[in-house]
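Worksheet for the structure shown next.
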Amino acid sequence: MMDYETIIGLEVHAELSTKTKIYCNCTTEFGGEVNTHTCPICTGQPGVLPVLNKKVVDYAIKVGLATDCSITPLGKQDRKNYFYPDLPKAYQISQFDLPICTNGKVEIEVDGLKKDIGLTRIHIEEDAGKLLHEAVDGTLVDYNRGGVPLIEIVSEPDLRSEEETREFLNQLKAILEYLEVSDCKMQEGSLRCDVNVSVRPKGQKELGTRTEMKNVNSFSAACRAIKYEAARQIEALEDGEVISQETRRWDDDKGKSFTMRSKEDSHDYRYFPDPDLVAISIDEQWIKRIHDELPELPRAKVERYIKIYNLSDYDAGQVAGNKAMADMLDEAVKLGASAKFTCNWLLGDISKILNDKNMEASEIPFTARHIADMISLIDKKTISNTAGKKVIDELFDSPRSVEQIVKEKGLAQISDEAALLSVVDEVLKNNEKSIADYKKGKTNALGFLVGQAMRLSKGKGNPQMFNDMIKRKLDSL
Amino acid sequence: MELYTLTASEMHELLKTKKASSVEITNSVIGRIDDVDATIGSFLSSTFDSALDTAKTVDEKIARNEKIAPLAGIPMAVKDNMCTKGVKTTCASRMLENYIPMYDADVVAKLKKADVPILGKVNMDEFAMGSSTETSYFKKTRNPHNIERIPGGSSGGSAAAVCADEAVYALGSDTGGSIRQPSSHCGVVGLKPTYGVVSRFGLVAFASSLDQIGPITKNVADCAKVMDLIAGHDEKDSTSFNIDYPNYSANLIPDAKGLKIGVPREYMGKGISEDVSAVIKNVIKQYEDMGAIVEETSLPLTDYYLAAYYIIACAEASSNLARYDGIKYGYRTKDFSDLTDLYKKTRSEGFGDEVKRRIILGTYVLSSGYYDAYYKKAQQVRTIIRNGFSDELDKYDLLLTPVTPDVAFKFGEKSSDPITMYLEDICTVSINIAGVPAISVPCGVNRENLPIGVQLIGKHFGEPTLLRAAYAFEQSGFFTPQKPQIKSVKGSK
C-alpha cells in the first residue's frame, strides 16, 4: 500500500454571545419556551426588514484581529437562498464575497512542533431555527434560535492529522473564550463544525478530491470522523475507485459517514447582495477601538506562564488553553498563592473532579480566593495536603469559606509535639515487625509507620513532624 | 357639494372652523363607497368602525379646541400590501388571503398616530406585479372614468378610490410605476418619493431596492401634506435616509419661473401615442409660458431600461417571495406527500400566473452560470442609468416625460402578452432604477376623454422642487380634471 497524507480543512460555526439577535431585538438566550424568543422579523413575516446588530461586527472584527486576519474596509451581506422549514425567510443572510475578515492564522503546537494553520475567512451570518421531530403529530419548528448571530470560520486545508485538528479546535475555542464572544458550549450547539477531508499519496502536489462531512458535534467526533473518512478514501483509492466530491453526514453513534448529496445535487444558493441592508464600512477607528479592547490571548499567556510563573511548557499550555482555569490561576497568584501550587491543584485534583462530574472549568462553583486560602493554610501547615483535597471536595459540594470547612470538618493539623508523642508511642508499640524491618535496613518501613500515625490521628497529625519524631525514636532504639 | 368630493386641504379647513365634523366627513365618504364600490371595486376590506372611532376622537379634540394635525380626521385608504395590525393584508393574493399581520407598517403607525381614519385596504395587482390590477386574485377594479377600462396598476385600487371619491387620498407603492401609472390613468396626482425617504418597514416586499411608498391624492397640495406625514427616517429600515426632512407643504408656491426642465427625446419618440404626445407638447409649452426654461436632452441606454428593470425586480422578487412556503402562515395546500410536495403545491396553487412568471424569471437570472450574464449585467446597466440621471439632473432642475405611452386600456387587452404589458412601464421604470423622485400630474385627456398625466422627475431629495413645479402647473388653470360620472348601484355592497 502507498503512503498517504490526509488533508483536512474545517468550517467552524460559532454562535456569538451578543445579547440580542443579529437583525432584531429578540434575546439570544438558550432554551426558553418554544417560539417565545421571536418577533415578526425573526419569523420572516411579510413586510419586515432586517437591521444589523453592530455588536456582531464588533465580535467578528475581534476574532479577526486575534487571528491575524485582514479586516475588510467594506463588507456586504448576501442572501443564500434555499427552502427549509427552519429558515423562515427561505434565505439566510450571510456574506458571500466580502466577508469581515480574511487571510488569518492560528498557531498550533503538536509534539513540540509549531505550525500556523491558515484561516481563509471569517464571516457573519444568522442561525436557523430548530425542527422538533419528536412532536406527536408531524414535525414542529422552534424559531428561538433563528437569527442568533454566527461567525463562520473557514480554515485553509492546512491540517494533516486528527491531532492537529483537535489542537486547532482547542486553540480556536480558547481564543473565542478569551475574547468572550461565544459560550463555546458544544452541547448547546453554540460551536459546530463541518469537516473537509481528502487524501493524496505522500509527495503528490495536487490535492485529492475532498468530501465534506456535516453533523459533527464535538471535537472528538471531528477526530473520529476524519479517521474514518481518510481510511474510507484510502481504501477506495487502493481499490482503484475514484473519490466523488460530495457532502456526507457523520453518524457518531455508528462511527460512519453516509452520502447526503453528490456534487450534481448540490444546492444552487443563488447568492446575491441583500437589498434590504447597506454596506458595512469599517474604518481605522472602528478597528482601533476593537484592537484596544483585546485581552491577553492564549499564546501570550503561555509565554508569560513559562517566563514569569516558571511553569513547564506543558502545564502552561494546559492552563492557558482554558480561560476559566487561566483566570483562576492569575487571580490566585494575585491573592498571594504560588503559581506552581495553584497550577498543580487546577490540573490535578480539580481537573479530576471536573472530569468525574462531567463539568466544564467555567462551571467550577468556587473562586480563586478559595484556592488561595487553601494553599495558604497548607503553606502555614495548618492543614495537610490530604486535608486540602477534602477542602476541594467540600467546595465542589457546597461552596463556603475554607476556614469554615476546616473548622466544621476538623481538618486542622496537630503540630503540638506533646500531643503527637502519644500517637507515636502507640504506633511503635503495635508495629514491632516494622521496627525490626527498619533496623534491618528496610527504610520504607518508616513510611509505613508514619502512615499508621496519620491514620491513628485521623489525618490531623502533621506528617512531617510524625516523620521526624518516629525516625528519631527508631534511630535511638 | 357633497363632503366626499372635497380635497384634504378643504376638509381640514372645515374641521378647523367646525363647519363639518370628522364623523360627518367620514360618513360621507363611507356613503360614497356604499354607492359606487360595487361598480368600481377598489376595496378588498373595510374598517369603517375603527375609521369612525378615529373620527370621533378627532371631533373630541376639536371640541376641546386642541390643535389637530393637517390630515387628522380625514379618511383615506391603504394599498393592501402595507401591514395593518389585526386587519387582513392580502397583497391581493390567494397566498395571503387570510393573513392578519401582528404589527403595523411604519406608515400605518404614522397614520394612526396622526388620528387618520383608515377606511380599509384597497385592491392591487397580486404582490404589486402588474400594470392593470387585473392580476388581483380577488377582483377587478374599474377605471372610474370608463368602467370598461383598467385603472392601471399595481396601485389600481388606490388610484381608483381617490378618483371615485371613495377615499380623500390613498397610499400606494411604486416599484416600476405602480403609483404614477394608475394615477395617470385615473387623472389623480401620484408621487413616487426618492428611494429611502419613506420607510418600507411593513410594506410587503416585491423588489426591495426599487419599492417605495407614496401618496395618491386629488391635488398637489394634498400630496405635499401626505408627504409631510409619511416621509422621515426610520431606524427599522436600513435603507431609510437619516437626513433633515423638509416641510413639503410650507414652500408650495405656484411659481415655475426660472426652472430648468430637460425633456429626454427618447421618451417622446416611438411607442408614444399621438394624443399623449400632443398633450405633453402642450404641457411643455405651458411651462415655457410660465417662465421655465425647457430644453431637449437625452438619457443613455433607454433601450435597456425594461430588461434591466425586469431582471433586477424579478431577481429580488424570487427571493422576497420565497418565504410563502406554506409553513408558517398563509395558504397551505390540502394534500401533500412530503415536504417538497408541500412546497410545490402550496406555491403552485397560492400564486397567480404573473407572480409565478416573475419568480421563475428571477430564479433563472440568479442561477449559477447565468448570474453574470443577467443579474450582474443588469446591475452594471443600473449604474449607467443612475449616472445618466444624475448627470442630467445636474444640468436640469427636473426632467419632463409622459407617464405612459397611452391612456388606460380595456380589460384583457394586454393580459395575454406580458411584453406588451411590460411596455406600459417604459416611461416609469428607469426612475425606480435611478432612485429619484417622480410625480404624475393630470394634464389633459385624449379624444375619448380619458385622462393623461405628465411625469416630472426630480433630483434625489428633490421633492420640494417637484411639488412646486407640479403645483405651478396645476394652479395655472391649463387643465382642470373633471370628476368621473359613476352610476350608483346603491346597497349592492
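The values are calculated or read from the model by the stated rules, or taken from the named source; none is laboratory data. Just so you know, these numbers come straight off a predicted model, no measurement behind them. Positions of Cβ are backbone-derived with ideal geometry, glycine not excepted, and every protein chain shown enters the neighbour counts. These accessible areas exclude ligands, DNA and RNA; they are computed on the full protein's heavy atoms, side chains included. Shrake-Rupley method; radii C 1.70, N 1.55, O 1.52, S 1.80 Å.
Residue A:387 falls short on exactly one of the conditions (1) surrounded by fewer than 15 Cβ atoms within 10 Å (Cβ to Cβ); (2) more than 24 Å from residue A:321 (Cα to Cα), and that condition is (1).
Would you mind listing the helices (runs of 4 or more DSSP H) fully within the stretch B:378-493 where at least 2 residues are closer than 21 Å to residue B:132 by Cα? Can you show your working first?
Values: elements: B:418-423, B:429-434, B:463-475.
Because the criterion is at least 2 residues that are closer than 21 Å to residue B:132 by Cα, the helices (runs of 4 or more DSSP H) in the stretch B:378-493 that meet it are B:418-423, B:429-434.
From the list B:450, B:466, the lone residue that is in contact with a His (Cβ under 7 Å, 6 or more places away or on another chain) and under 24 Å from residue B:7 (Cβ atoms) is B:450. Do we have any residue at all in the stretch B:39-49 that's touching a residue at least 60 places away in the same chain (Cβ under 8 Å), within 14 Å of another protein chain (Cβ to nearest Cβ) and touching a helix residue (DSSP H, G or I) at 6+ places or on another chain (Cβ under 7 Å)? Among the residues of the stretch B:39-49, not one is touching a residue at least 60 places away in the same chain (Cβ under 8 Å), within 14 Å of another protein chain (Cβ to nearest Cβ) and touching a helix residue (DSSP H, G or I) at 6+ places or on another chain (Cβ under 7 Å), which makes the answer no.
So for the stretch A:57-67 (the condition being without any contact (Cβ under 8 Å) to a residue 40 or more places away in the chain, open to solvent by 10 Å² or more (accessible area, probe 1.4 Å) and not β-branched (Val, Ile, Thr)), does at least one residue qualify? No, the stretch A:57-67 contains no residue that is without any contact (Cβ under 8 Å) to a residue 40 or more places away in the chain, open to solvent by 10 Å² or more (accessible area, probe 1.4 Å) and not β-branched (Val, Ile, Thr). Within the bounds of the stretch A:437-452, is there any residue that is open to solvent by less than 80 Å² (accessible area, probe 1.4 Å), out of contact with any helix residue (DSSP H, G or I) (no Cβ under 6 Å at 6 or more places or on another chain) and closer than 14 Å to residue A:385 by Cα? Yes, the stretch A:437-452 contains at least one residue that is open to solvent by less than 80 Å² (accessible area, probe 1.4 Å), out of contact with any helix residue (DSSP H, G or I) (no Cβ under 6 Å at 6 or more places or on another chain) and closer than 14 Å to residue A:385 by Cα. Could we say that residue B:384 is open to solvent by 60 Å² or more (accessible area, probe 1.4 Å), among the β-branched types (Val, Ile, Thr), more than 30 Å from residue B:484 (Cα to Cα) and in contact (Cβ under 8 Å) with a residue 60 or more places away in the chain here? Against the criterion (open to solvent by 60 Å² or more (accessible area, probe 1.4 Å), among the β-branched types (Val, Ile, Thr), more than 30 Å from residue B:484 (Cα to Cα) and in contact (Cβ under 8 Å) with a residue 60 or more places away in the chain), residue B:384 qualifies. Somewhere in the stretch B:105-113, is a residue open to solvent by less than 40 Å² (accessible area, probe 1.4 Å), farther than 26 Å from residue B:25 by Cα and not in a loop (DSSP other than H, G, I, E, B)? Looking through the stretch B:105-113, none of the residues is open to solvent by less than 40 Å² (accessible area, probe 1.4 Å), farther than 26 Å from residue B:25 by Cα and not in a loop (DSSP other than H, G, I, E, B). Residue A:161 satisfies every condition listed in (1) buried (at least 24 other Cβ atoms within 10 Å of the Cβ); (2) under 20 Å from the mean Cα position of the chain (by Cα) except (1).
State yes or no: is residue B:36 within 20 Å of the chain's Cα centre (by Cα) and either of a type in the set (A, V, I, L, M) or farther than 26 Å from residue B:488 by Cβ (or both)?
Taking the combined requirement at face value, the residue does not satisfy it.
Scanning the stretch A:36-61 for residues that are aliphatic (A, V, I, L, M) and farther than 28 Å from residue A:103 by Cα gives A:41, A:48, A:49. Can you confirm whether residue B:172 is surrounded by 21 or more Cβ atoms within 10 Å (Cβ to Cβ) and either in a loop (DSSP other than H, G, I, E, B) or under 15 Å from the mean Cα position of the chain (by Cα) (or both)? Taking the combined requirement at face value, the residue satisfies it.
Going by the structure shown, is residue B:230 over 19 Å from residue B:252 (Cα atoms) and touching a strand residue (DSSP E or B) at 6+ places or on another chain (Cβ under 6 Å)? Spell out the reasoning first.
Working: over 19 Å from residue B:252 (Cα atoms): no; touching a strand residue (DSSP E or B) at 6+ places or on another chain (Cβ under 6 Å): yes.
It is false that residue B:230 is over 19 Å from residue B:252 (Cα atoms) and touching a strand residue (DSSP E or B) at 6+ places or on another chain (Cβ under 6 Å).
In the stretch A:180-228, what residues are over 19 Å from the mean Cα position of the chain (by Cα) and of a type in the set (D, E, K, R)? Selection gives A:200, A:202, A:205, A:206, A:210, A:212, A:214, A:227.
Count, please, the residues in the stretch B:351-378 that happen to be under 29 Å from the mean Cα position of the chain (by Cα), open to solvent by less than 30 Å² (accessible area, probe 1.4 Å) and within 13 Å of another protein chain (Cβ to nearest Cβ).
Residues of the stretch B:351-378 under 29 Å from the mean Cα position of the chain (by Cα): B:351-366, B:374-378.
Next cut, open to solvent by less than 30 Å² (accessible area, probe 1.4 Å) only: B:351-352, B:354-355, B:358-359, B:362, B:365-366, B:375, B:378.
Now drop any that are not within 13 Å of another protein chain (Cβ to nearest Cβ), which leaves B:359, B:362, B:365-366, B:375, B:378.
Number satisfying all stated conditions: 6.
Kindly indicate the residue of the stretch B:330-350 that is open to solvent by less than 30 Å² (accessible area, probe 1.4 Å) and within 10 Å of chain A (Cβ to nearest Cβ) and also nearest to residue A:274 (Cα to Cα) among those meeting that condition. Result: B:343. Every listed requirement among (1) surrounded by 12 or more Cβ atoms within 10 Å (Cβ to Cβ); (2) on the phi > 0 side of the Ramachandran plot; (3) assigned to a loop (DSSP other than H, G, I, E, B); (4) away from chain B (no Cβ under 14 Å) is met by residue A:270 save one, (4).
Within the stretch B:138-151, residues that are farther than 12 Å from residue B:484 by Cα sit with their Cβ atoms under 6 Å from residues that are charged (D, E, K, R), at 6+ positions apart or across chains, in these pairs: B:148/B:410; B:149/B:410. Taking the stretch B:407-446 as the range and being open to solvent by 20 Å² or more (accessible area, probe 1.4 Å) and modelled with pLDDT of 95 or more as the test, the residues that pass are B:410, B:411, B:445.
Considering only the stretch A:128-145, state which residues are surrounded by 15 or more Cβ atoms within 10 Å (Cβ to Cβ), in a loop (DSSP other than H, G, I, E, B) and either within 11 Å of chain B (Cβ to nearest Cβ) or free of Cβ contacts under 8 Å to residues at least 12 places away in the same chain (or both).
Residues of the stretch A:128-145 that are surrounded by 15 or more Cβ atoms within 10 Å (Cβ to Cβ), as a first pass: A:128-130, A:140-145.
Going one step further and asking which of them are in a loop (DSSP other than H, G, I, E, B), we end up with A:128-129, A:143-145.
Selection gives A:129, A:143.
Taking only the stretch B:451-478 into account, find how many residues are among the hydrophobic types (A, V, I, L, M, F, W, C) and either open to solvent by 40 Å² or more (accessible area, probe 1.4 Å) or out of contact with any strand residue (DSSP E or B) (no Cβ under 9 Å at 6 or more places or on another chain) (or both). Walk me through how you get there before you give the answer.
Let us first name the residues in the stretch B:451-478 that are among the hydrophobic types (A, V, I, L, M, F, W, C), namely B:452, B:454, B:456-457, B:461, B:466-467, B:469-470, B:472-473, B:478.
Applying the additional criterion that residues be either open to solvent by 40 Å² or more (accessible area, probe 1.4 Å) or out of contact with any strand residue (DSSP E or B) (no Cβ under 9 Å at 6 or more places or on another chain) (or both) yields B:461, B:472, B:478.
Number satisfying all stated conditions: 3.
If we keep just the residues of the stretch B:51-67 that are without any contact (Cβ under 8 Å) to a residue 60 or more places away in the chain and in contact with a Ser or Thr (Cβ under 7 Å, 6 or more places away or on another chain), which is farthest from residue B:17 (Cα to Cα)? The residue in question is B:58.
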